[in-house]
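Everything on this sheet refers to the single structure shown next.
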Amino acid sequence: MQYDFNQVINRKNTDCFKWDNRVETFGTDALLPLWVADMDFASPPAVITAIKERAEHPIYGYALRPPEFYQAIIAWLKKRHQWEVKKEWLLITAGVVPAINLAILAFTEPGDQVIVQPPVYHPFFSAVENNGRKLVINKLKEENGRYFMNYEQLDSLANDRTKLMILCSPHNPVGRVWTKEELNTVGEFCRRKNILLVSDEIHADVVYKNYTHLPIASLRPELAHNTITCIAPSKTFNVAGLATSVVIIPDQAKFERFNKMMVALGMGMSNIFGIAALTAAYQYGEDWLEQLIDYLQGNLDFLVQFLEERIPRIRVIKPEGTFLVWLDCRDLGLNPQELKEFLIYKAKVGLNDGRGFGPGGEGFQRINIACPRQILQKALIRIERAVQRSINS
Ligand SMILES: Cc1ncc(COP(=O)(O)O)c(C=O)c1O
């Protein structure tokens, strides 16, 4: 079956964050939104059918998670990521962000330090700070348009209050799919310093050709025992609103400690539609995902070519995975606030301001390319015209 990712689906007035929250987010709804990390594509038909079937039954009471639910997760990880996980390692949360907060609460004390690698997905910062823990910044290094971890600095940062590190793998927003060597180095560092590694692998399934996502916990049992991995069907199959994610904890003592925190906070239940969607997506969604990746690759190639030929002052940091693209806008000669206002009010596009991703984000913007190509093209033409107007004025 051929899926139509070119289809433009009107999301306005569907209580959709990306389109219906424009005034609150940007101060205006007169812009094309290519920001928050969901997709303007329909979910796979198998997911829609599974939700409809469940909705047909008129009682929506407390749900249990059937064996097929767990089997679907286990089979998916084995097939797509060559990782053999056991059911006893799996816990279910209402999202990856809740899972990261839970890990911080379960494994650190107030005042303890947590390492993050900005520019990075901003809820990592709030998860640390809202819980009274301290952020330790291990900024990524950019070299010729590609980002790397700064291991030398990492080593010097850790002390006996450093208890946890949050790894973004693949990395949002810089688009890196970390190599085996990089993962081994960071994993070994955490083990050596007795720092628990929380690996956010929510973007694991969307990886471009010539790159392979490696779950860090799949590399070696020693790393598995020091890692809490978070995955979800939410980005992959566009079901983030169904709030169902998976936490993988191979170490039994750590599993129990995490679970105890979940129980203490009353977070054990799942959404029945989330259960149905995850199961169907992992069981039947692979063909759709392959076509999605092809389409996203096409959007990425289109973006790269458009910017190179028509707006060379904006440079693409070429992503190896994720449908989010980090744009280096420093050559536009605007300060970060001017850049933000230029895009909103002159170009009339809604991107994510790089400053939101912490140190290293100044002068950058993040664009979400998971939309029909004609929307992406429209947004790029708007930016091109605004740049031309500003040069001519
Ligand atoms: C790296 C990363 N982690 C987590 C999330 C969101 O997780 P959830 O909606 O499951 O809490 C996102 C969404 O953009 C993300 O990019």
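A few remarks follow.
- Using θ = phi - 60° and Karplus 6.51 cos²θ - 1.76 cosθ + 1.60, couplings along segment 247-252 (whole Hz; Gly, Pro as x): 10, 10, 10, x, 7, 5
- Whole-Hz couplings from phi, Karplus 6.51/-1.76/1.60, listed for segment 276-286; x for Gly and Pro: 5, 5, 4, 4, 5, 4, 6, 7, 10, x, 5
- Label-zone membership for segment 286-328, site residue 377, 7 angstrom Cα→C-beta point, backbone N under 17 Å: 295-311
- The residue list 164, 61, 130 was ranked by how far each Cα lies along the charge dipole of the chain toward its positive end, using unit charges on Cβ atoms, and 130 comes out on top.
- Net length gained if the chain between residue 55 and residue 156 were fully extended (0.36 nm per residue, minus Cα distance): 31.0 nm
- Pairwise Cα inverse-distance average, inverted: Kirkwood Rh of the chain (Å): 21.8
- Residue 87 paired with residue 222, simple spin-label distance in nm, labels 7 Å along Cα-to-beta-carbon: 3.2
- Percentage, to the nearest whole number, of Cα pairs in segment 84-236 over 20 Å apart: 46
- Counting every other Cβ atom within 10 Å of each residue's Cβ, 124, 189, 357 order from fewest to most as 189, 357, 124.
- Amide H contacts of residue 206: 322, each under 5 Å away and 5 or more positions distant or on a separate chain (H built 1.01 Å from N in the peptide plane; Pro and chain starts excluded).
- Net charge of the neighbourhood of residue 194, taken over other residues with C-beta under 11 Å away and scored Lys/Arg +1, Asp/Glu -1, is +3.
- Proximal lysines relative to residue 340, as straight alpha-carbon distance under 29 Å, when same-chain residues fewer than 8 apart are discounted: 12, 18, 134, 139, 141, 235, 318, 348, 378
- What the phi angles of segment 13-26 give under the Karplus curve with 6.51, -1.76 and 1.60, with θ = phi - 60°, is a coupling list of 6, 10, 6, 9, 4, 4, 9, 8, 10, 5, 5, 5, 7, 10 Hz, glycine and proline written as x.
- Extended-chain gain in nm, criterion 0.36 nm per residue less alpha-carbon gap, residue 284 and residue 17: 93.4 nm
- Computed over segment 223-265, the Cα gyration tensor eigenvalues convert (square root of 5λ each) into semi-axes of 23, 15, 5 Å, ordered from largest to smallest.
- Label-to-label distance for residue 188 and residue 389 is 5.4 nm, based on points extended 7 Å past Cα in the beta-carbon direction.
Readers should treat all values here as calculations from the given coordinates under stated rules, not as data from a laboratory. None of these values were measured; they are calculated from a predicted model. Because the Cβ atoms are built from the backbone with ideal geometry, glycine has one as well, and the counts that use them run over all protein chains shown.
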